[in-house]
Amino acid sequence: SNSSTNSVLNHWSRAYYVINLANVFIDGMAAKGTSVVGAALSNNYLGEARLLRALSYYSLLQLYARPFWDGNGSKPGVPLRLKGNTGSGDYALARATVAEVYNQILTDLTFAEQNLPLTNANATLNTTRAHRNTAIALKTRVLMSMRRYADVITEANKIVSASAPFVASTGVAHALQSDYRTMFTSNYTTTESILSMPFATNETPGGQNQLGYYYGPSAFNGGNGEYSLLPNSIIADAGWLPTDRRRSFVQVFSGKSYLTKYSVPSTFIDWAPVIRYAEVLLNLAEARVRSTNTVDAQAIALLNAVRGRSDATTVFTALNFANANALADAIVNERRIEFLGEGLRGTDISRLGLPLPAKPGVAAIAPTAQQYIWPISSSELLLNPLCVDNN
């Protein structure tokens with residue numbers, strides 16, 4: 001990618017668009033809104049706005065900044081804008097450090113946790129609007145990227161019971177669904193889907209950016225099939241058994257394997273998952289292993305919960321893992337299977353300092369290489385003289 005590539009420009013502009021909407025709203029509530037709706041409702045709204053701002057900043061850091069482990073957050077992050085822009089003015093702003101942006105993300109998510117409602121009025125709102133457990137779940141993801149494993153455990157323990165079946169005992173009663181396929185085919189609003197982006201029947205999500213359009217070939221759902229699955233990728237894992245229910249979402253068309261998790265035909269209005277309870281369980285499992293450097297029993301139980309609901313024949317025991325690294329690798333591998341096509345693999349690669357894998361015609365990219373992260377948007381560089389590019 002270069003600074004003018006569509007993906008580089010568009011992701012940057014849309015993330016900052018959301019950030020600015022949140023900032024304008026927050027400023028407006030301080031100026032007048034709170035006095036109109038009252039403090040309690042105002043804090044609910046502000047919690048939602050700050051959670052969306054946090055999520056947007058987190059997404060920017062994953063693509064445009066060095067991972068936290070590189071210099072412990074000291075490398076350039078992104079411009080940290082916390083005031084709304086509503087007209088012409090001088091918006092020149094240097095990039096904050098990675099650590100400064102992460103700290104703001106955590107500040108926003110903690111505010112959200114403290115001020116969002118425990119639950120919303122119904123299952124649809126619990127999936128599409130933030131509540132307290134949404135903020136906690138997202139904190140576990142953010143802290144994983146910072147390698148703050150003890151803090152991941154503290155957060156996850158708020159919404160994960162000590163033993164199976166793992167459930168959230170306060171707030172929305174999050175739990176794994178008995179059939180993985182349910183969340184992608186018949187019910188987008190189960191208690192496992194902590195946050196999803198919804199689409200109604202009269203909507204067209206993002207022009208040609210729909211998940212079903214990208215992943216699904218024409219013969220399956222009329223999609224464009226732009227992304228087939230590499231034969232040597234996770235689908236080649238011999239431990240991912242043919243009888244695993246998640247395998248039903250990998251189908252072969254014209255000799256290529258495609259992800260069919262998003263199956264709605266045009267206008268491809270599958271809801272887009274942002275975070276599911278299964279991720280919180282695997283975040284906790286991995287954090288326990290990496291923080292204790294042991295073949296941790298609860299981590300194995302959490303791994304078995306995620307694997308077992310789709311593949312009852314595979315049950316891991318401590319004897320399967322020679323050491324803590326082997327167990328951590330198994331948990332990371334489970335994430336590749338469980339969240340295939342849900343946008344987590346790139347973040348996992350960068351937070352773990354792994355090379356970006358080779359593809360046909362493209363060599364692997366080392367974690368130290370310039371190409372490991374995206375360049376800054378050329379629009380930002382043009383309009384913000386204090387913002388410098390990655391080099």
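The values are calculated or read from the model by the stated rules, or taken from the named source; none is laboratory data. These figures come from a predicted structure and were not determined experimentally. Every residue, glycine as well, gets a Cβ built from its backbone with ideal geometry; the counts of neighbours run over all protein chains shown. These accessible areas exclude ligands, DNA and RNA; they are computed on the full protein's heavy atoms, side chains included. Shrake-Rupley method; radii C 1.70, N 1.55, O 1.52, S 1.80 Å.
Atom-type composition of the exposed protein surface of segment 93-153 places 51 percent of the accessible area on carbon and sulfur (1.4 angstrom probe). Residues Phe249, Phe316, sorted by accessible area with the largest first, give Phe316, Phe249 [1.4 Å probe; ligands and nucleic acids excluded]. Comparing Gln298, Asn23, Thr243 along the charge dipole axis of the chain, the residue lying farthest to the positive side is Gln298, per the Cβ-charge model. For Ser257, the amide hydrogen comes within under 5 Å of the amide hydrogens of Leu229, counting only partners 5 or more places away or on other chains and with H modelled in the peptide plane. Accessible area per residue was computed with a 1.4 Å probe on protein heavy atoms; Val160 scores about 10 Å².
Hydrophobic long helices, here whole DSSP H runs in the chain with Kyte-Doolittle means of at least -1.0 and Cα atoms spread over 20 Å or more along the helix axis, are found at 6-28, 39-64, 98-115, 132-145, 277-292, 324-338.
Comparing Gly308, Pro375, Ile365 along the charge dipole axis of segment 305-391, the residue lying farthest to the positive side is Gly308, per the Cβ-charge model. Remark: the Asn6-Ser248 segment gains 83.8 nm on full extension, using 0.36 nm per residue and subtracting the alpha carbon distance. Going Cα to Cα from Lys158, which aspartates and glutamates come in below 16 Å? Please leave out same-chain ones fewer than 8 positions away. Leaving aside aspartates and glutamates fewer than 8 places away in the same chain, those within reach of Lys158 are Glu113, Glu192, Glu279.
Rg to Rh for segment 93-172: what is it, with Cα atoms only and Rh by Kirkwood? Don't skip to the end; give the middle numbers.
On the way: Rg = 14.1 Å, Rh = 13.7 Å.
My calculation of the ratio gives 1.03.
The accessible-area ordering, largest first, of the residues Trp271, Trp69 stands as Trp69, Trp271, per a 1.4 angstrom probe.
Could you pull out the trypsin sites (Lys or Arg not before Pro) across segment 80-120 that fall in loop regions by DSSP (anything but H, G, I, E, B) with no more than 15 other Cβ atoms inside 10 Å? Could the numbers behind the result be given before it?
Working: sites: Arg81, Lys83, Arg95; in loops: Arg81, Lys83, Arg95.
Filter output for segment 80-120: Lys83.
Overall, the ratio between the Cα radius of gyration of the chain and 2.2 N^0.38 Å, rounded to two decimals, is 0.99. In a simple Cβ point-charge model (Lys, Arg +1; Asp, Glu -1; nothing else charged), segment 1-88 has a dipole of about 100 debye relative to its Cα centre.
Rounded to a whole number of µm²/s, how large is the Stokes-Einstein D of segment 1-117 at 20 °C and 1.002 mPa s, given Rh as the Kirkwood radius over C-alpha pairs? Don't jump to the answer; show the numbers that get you there.
Working: Rh = 15.1 Å.
The diffusion coefficient I find is 142 µm²/s.
Is the C-alpha gyration tensor of segment 43-106 telling us rounded, prolate or oblate? Criteria: a/c under 1.5 is rounded; beyond that, a/b larger than b/c is prolate, otherwise oblate.
Details: a/c = 2.52, a/b = 1.29, b/c = 1.95.
Since a/c reaches 1.5 but b/c is at least a/b, the shape of segment 43-106 is classed as oblate.
For segment 243-391, the carbon plus sulfur part of the accessible surface works out to 58%, probe radius 1.4 Å.
Across all directions of projection, what mean area in square nanometres is found for the Cα convex hull of segment 258-318? Kindly include the intermediate steps, with their values, before the conclusion.
Numbers: hull surface 23.2 nm².
Answer in nm², one decimal: 5.8.
Sorting Glu286, Glu100 by solvent-accessible area of protein heavy atoms yields Glu100, Glu286, largest first, with a 1.4 Å probe. Accessible surface calculations at 1.4 Å, restricted to protein heavy atoms, place segment 50-200 at 39 Å² per residue. Computed across segment 282-391, the Kirkwood hydrodynamic radius from all distinct Cα-Cα pairs reaches 16.5 Å.
Taking the Cα centre of segment 330-391 as origin and assigning +1 to Lys and Arg Cβ atoms and -1 to Asp and Glu Cβ atoms, the resulting dipole is close to 180 debye.
Most tightly packed first, judged by the mean number of other beta-carbon atoms within 10 Å of their residues, the peptides 118-126, 330-338 read 330-338, 118-126.
Roughly how far apart, in whole Å, are the Cα centres of segment 219-250 and segment 1-68? Value for the Cα centre distance between the two parts: 34 Å.
The heavy atoms of Arg288 present about 60 square angstrom of accessible area, all protein chains included, probe 1.4 Å. Any idea which of Asn202, Val152, Ala123 is furthest toward the positive side of the dipole for segment 114-220, if Lys and Arg beta-carbons carry +1 and Asp and Glu beta-carbons -1? My answer, from the dipole projection, is Val152.
Over segment 160-200, with every protein chain in place, what whole percent of the accessible area is carbon and sulfur at 1.4 Å, could you tell me?
59 percent
Percent of C-alpha pairs per 5 Å bin in segment 137-182, short distances first: 5, 21, 24, 21, 19, 9, 2. With the whole protein complex present, Thr201 retains an accessible surface near 130 Å², based on a 1.4 Å probe.
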